[in-house]
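Read-outs: derived from the displayed coordinates by stated rules, not from any lab. None of these values were measured; they are calculated from a predicted model. Neighbour counts are summed over all protein chains in view; Cβ atoms, including those assigned to glycine, are modelled from backbone coordinates with ideal geometry.
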Amino acid sequence: METVADYHPRIADRLLAQALASAGAAHIVGPKWCGKTTTAEQAAASAVYLQDPDHRSDYARLAATQPSLLLSGDRPRLLDEWQEQPVLWDTVRFAVDRSQAVGQFILTGSSVPSKEDVRHTGTGRVSRVRMRPMSLAESGESDSTVSLVDIMAGRNIAGQATLPLDYLALTLVRGGWPASVVQPGEYSSMRASDYAESIIESDISRVDGVDKNPRRVRLLMRSLARNESTEAAMTTIREDMSADDGILSVNTISSYLTALRRLYVLEDQEAWAPAVRSKVAQRTSPVRRYCDPSIPAALLRLTPSKLMADFSTFGLLFESLCVRDLRTYAEANDATVWHYRDARGLECDAIVELGDGTWGAVEIKLDKAAEETAAASLLDIQRHVRSQHAGPPSFLMILTASGFAYRREDGVYTVPIACLAP
């Protein structure tokens, strides 16, 4: 296990501690390489690694005959990549039921097993913790001078971003993968390329046991990369994939998308559904997003210099980075990140909604010159949109790439992403 001295603290540390204090088991989910195992090791007293090649066959035999033996060890007991032996889910649930004690097990998983392999949901026994690649606050590239908590509470803020735009482009292409953050180097961005290739060549077929044509998977993932941060319709994705021999059915493409979600690689941003005063219809299409902007950057063969020369693409991937970080910060405060768009054209990039219905609207702008337009759009949201539970927004915020963090005279917050923290 990684020593505490070497460990890069994560926002999920606190969420894991809360999960272990409230339930018999904690389940850490997220894409592979995002740091789930290392985070779990900090809280675990013993561990079994189901993907260990030296013992994998032994673990399989135990899981098939007496899976409870794999739970033997000091508590909390870490079962790393438990989906290798799905019977362990129900074994853990049964053990938790028997003892009624909290904090017994930590499970980590980089994919979702099929419903046939897991008979019970674990509700009330297993608390879920979501992890993603590192946010800028976790990597130390945000100075964390502005707290999302303070913004949600309407407090005054102050700060100044010191992250140059070309370095922001580098962090986007490199991604938040802990190995790239902790050991940066000339080839750190290759990890995202390796990750994408692993998905294309093997992971997407292994997750559901259905062989998939790697060429078609590559076309699909490149289409998603081109349409990152947009509400790309299934017809758009089909047209992008028409270069292949024959046009895939919608059902086939849907099954590919489902496999990517089960790998936690694709994390669509779902539409928010407030109560709106007018009768204008709300659009409910999700925004297509990868879990980290480095994946679409790798699939499109983008470099920091290419992004600096193409601000349109830079802006789309910057939005993806901001949503990744917002999701991490919001979940640390029991909040969810949505998007909003209605049929009359009123929209905003992100809605942060707390469990009690309190909400705020966020516009994301790479170009500082677009601040006034973004503020006007947010004020329109404030005038016309009402949450069913909490009424008007509790805050309006523009996330930018540079400049100062402050509250404008019209009440709209302007915050560089390199200042923001939970």
Checklist entry - What does the charge dipole of the chain about its Cα centre add up to, to the nearest 20 debye, if the Cβ of each Lys and Arg holds +1 and the Cβ of each Asp and Glu holds -1? => result 880 debye
Next on the checklist: From Cα pairs below 8 angstrom and at least 6 apart in sequence, can you work out the relative contact order of the range 12-130, rounded to a whole percent?
Outcome noted: 43 percent
Item to check | Gain on full stretching of the segment that runs from N333 to V87 - 0.36 nm per residue minus C-alpha separation | outcome: 85.3 nm
Item to check | the chain: relative contact order in percent, alpha carbon pairs under 8 Å with at least 6 residues between | outcome: 18 percent
Checklist entry - Summing -39500 (n - 2.57) over the DSSP H runs of n ≥ 4 in the chain and dividing by its residue number, what mean residue ellipticity at 222 nm do you reach, to the nearest 500 deg cm²/dmol? => result -10500 deg cm²/dmol
Item to check | Relative packing of peptides 98-107, 148-157, 55-64, 359-368 - highest average C-beta neighbours within 10 Å first | outcome: 359-368, 98-107, 148-157, 55-64
Checklist outcome for this item: Contact order relative to length for the range 51-109, counting C-alpha pairs under 8 Å separated by 6 or more residues, stands in percent at 39 percent
Next on the checklist: Could you order the peptides 29-35, 248-254 from most to least packed, using the average number of other C-beta atoms within 10 Å per residue?
Outcome noted: 29-35, 248-254
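Compare the peptides 314-323, 39-48, 339-348 by average per-residue count of other Cβ atoms within 10 angstrom and give them in order, highest first. Provide the component values of the computation, followed by the final result.
Details: 314-323: 24.0, 39-48: 19.1, 339-348: 17.1.
Ranking, from highest mean packing down: 314-323, 39-48, 339-348.
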Checklist entry - Seen from all sides and averaged, what is the projected area of the convex hull of the Cα atoms in the range 212-266, in nm²? => result 3.5 nm²
Checklist entry - Under a plain spin-label model, where a point goes 7 Å from the Cα along Cα-to-Cβ, how far apart in nm are A101 and A376? => result 6.3 nm
Next on the checklist: Report the per residue volume, in Å³, of the convex hull enclosing the C-alpha atoms of the chain.
Outcome noted: 156 Å³
Checklist entry - How far apart, in nm, are the 7 Å Cα→Cβ label points at S46 and V210? => result 4.0 nm
Next on the checklist: Could you tell me the center-to-center distance, by alpha carbons, between the range 155-183 and the range 303-372 in angstrom?
Outcome noted: 16 Å
Checklist entry - What is the Cα centroid distance between the range 208-265 and the range 375-422, reported in whole angstrom? => result 34 Å
Checklist entry - So if R0 is 51 Å, what FRET efficiency would V149 and D58 give, r being the distance between their Cβ atoms, rounded to the nearest 0.05? => result 0.60
Checklist outcome for this item: Under the 7 Å Cα-to-Cβ spin-label approximation, Q66 and S285 lie apart by a distance in nanometres of 5.7 nm
Checklist entry - Once the piece of chain linking T230 and A17 is laid out straight, how much longer is it, given 0.36 nm per residue of separation minus the C-alpha distance between them? => result 73.1 nm
